[in-house]
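Novice: One structure is given below, represented as structure tokens, and several questions about it will come after.
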Amino acid sequence: MIYLILAILCSAGVSIFMRASEKYCQGHYDILLMNYVVCVLAGLILTGRGLTQTDGKGMPVTIVFGVVTGLLYCGSFILLQWNVRKNGVILSSTFMKLGVIVPAVLAVVWFGERPGWNQGLGFILAITAILMIHLEKGKIRTEKAYTIGLLLLLLGGGLGDSMAKFYDVYGNPGLGSFFLMLSFLVSGIISGILVFRGGEKITKYEVLFGVLIGIPNYFSARFLLWALADIPAVITYPTYSIAAMALIGAAGVLMFREKLTKRQWGAYLLVILAVGLLNM
């Protein structure tokens, strides 16, 4: 459970620093690139130690999973940017968060996990809380929603998260750091291409926030991988998603003076109840 808690804290830290960076960073992909550079460096440091402690068995599988995960990571971010332009930020962020449905369903259908009634109810409450927090009546762009883009965002983000579970089952645990490093490397290469094609200039603020975001980003993925080795995915993923969301909401109120509606306060109470049910 300690790894799951650390993964949640790191995930929340990524979003908090991303929120703080909005005042100083204007580019879409430059801060993403610097974040991946830091993730790759962290992965290289830990990979060097890990490779000396393993016989290298399962390296081809690790490479395949690493490349696919990197493509899904970066592809999901690009899809998010596209959907924000076409469908608005509310629908886009909602469908991104609803991506938690994908690993939860795969945990049951593919990996044969059997949640109890409490996990099932907790999952339903988690999805309800996500919808309540992100969907605000009267603020959704409805004149022409690009449904396919939203569904691809949900599927891509969900599959990207699911790769940690696939690697936990089919990969070599001793190569876990290499798997993550390769994932971030692929995402970083794509981000670099987008930065230089767009002519964006990387400033000292992108470097600073790239470090602040990259460190918790890497370790959120690493701790999540360790958590999945001990806790069923049908519990891990929903807990990871909504608990981080609750911490981000608390940070928004305390650090950024954001105002929550009564509906959102009610949703955060559902989050607490959902986390309790999921982990009973």
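Novice: Looking at region 9-45, which of its residues are of a type in the set (Val, Ile, Thr), at pLDDT 85 or above and more than 14 Å from Gly210 (Cβ to Cβ)?
Specialist: Going through region 9-45, the residues of a type in the set (Val, Ile, Thr) turn out to be 14, 16, 31, 37-38, 40, 45.
If we keep only those that are at pLDDT 85 or above too, we end up with 14, 16, 37-38, 40.
Residue satisfying the conditions is Ile16 alone.
Novice: Let me ask something else. Could you check Thr239 against (1) crowded, with 24+ Cβ neighbours inside 10 Å; (2) not in a helix (DSSP H, G or I) and say which number it fails?
Specialist: Unmet for Thr239, out of (1) crowded, with 24+ Cβ neighbours inside 10 Å; (2) not in a helix (DSSP H, G or I): (2).
Novice: Quickly run through region 72-117 and pick out the residues that are at pLDDT below 85 and among the polar types (S, T, N, Q).
Specialist: Answer for region 72-117, where residues must be at pLDDT below 85 and among the polar types (S, T, N, Q): Gln81, Asn83, Asn87, Ser92, Ser93, Thr94.
Novice: Assess whether Ile213 counts as being part of a helix (DSSP H, G or I) and surrounded by fewer than 24 Cβ atoms within 10 Å (Cβ to Cβ). Reasoning before the result, please.
Specialist: Details: part of a helix (DSSP H, G or I): yes; surrounded by fewer than 24 Cβ atoms within 10 Å (Cβ to Cβ): no.
Against the criterion (part of a helix (DSSP H, G or I) and surrounded by fewer than 24 Cβ atoms within 10 Å (Cβ to Cβ)), Ile213 does not qualify.
Novice: Here is a follow-up. For Trp226, state whether it is touching a residue at least 12 places away in the same chain (Cβ under 8 Å), in a helix (DSSP H, G or I), surrounded by fewer than 20 Cβ atoms within 10 Å (Cβ to Cβ) and among the aromatic types (Phe, Trp, Tyr). Spell out the reasoning first.
Specialist: Details: touching a residue at least 12 places away in the same chain (Cβ under 8 Å): yes; in a helix (DSSP H, G or I): yes; surrounded by fewer than 20 Cβ atoms within 10 Å (Cβ to Cβ): yes; among the aromatic types (Phe, Trp, Tyr): yes.
When the stated conditions are applied, Trp226 passes them.
Novice: Does region 220-232 include one or more residues that are within 23 Å of Gly75 (Cβ to Cβ) and not aliphatic (A, V, I, L, M)? Talk me through it step by step, then tell me what you get.
Specialist: Filtering region 220-232 for residues within 23 Å of Gly75 (Cβ to Cβ) gives 220-222, 224-225, 228.
Next cut, not aliphatic (A, V, I, L, M) only: 220, 222.
The answer is yes, given that some residue of region 220-232 is within 23 Å of Gly75 (Cβ to Cβ) and not aliphatic (A, V, I, L, M).
Novice: Consider region 19-42. How many of its residues are in a helix (DSSP H, G or I) and either under 17 Å from the mean Cα position of the chain (by Cα) or more than 21 Å from Leu247 (Cβ to Cβ) (or both)?
Specialist: Our first condition is that a residue be in a helix (DSSP H, G or I); within region 19-42, this holds for 19-21, 30-42.
Applying the additional criterion that residues be either under 17 Å from the mean Cα position of the chain (by Cα) or more than 21 Å from Leu247 (Cβ to Cβ) (or both) yields 19, 30-42.
Counting residues in region 19-42 that are in a helix (DSSP H, G or I) and either under 17 Å from the mean Cα position of the chain (by Cα) or more than 21 Å from Leu247 (Cβ to Cβ) (or both) gives 14.
The values are calculated or read from the model by the stated rules, or taken from the named source; none is laboratory data. Computed from a predicted structure; not experimentally measured. We place every Cβ from the backbone using ideal geometry, glycine too, and count neighbours over all the protein chains shown.
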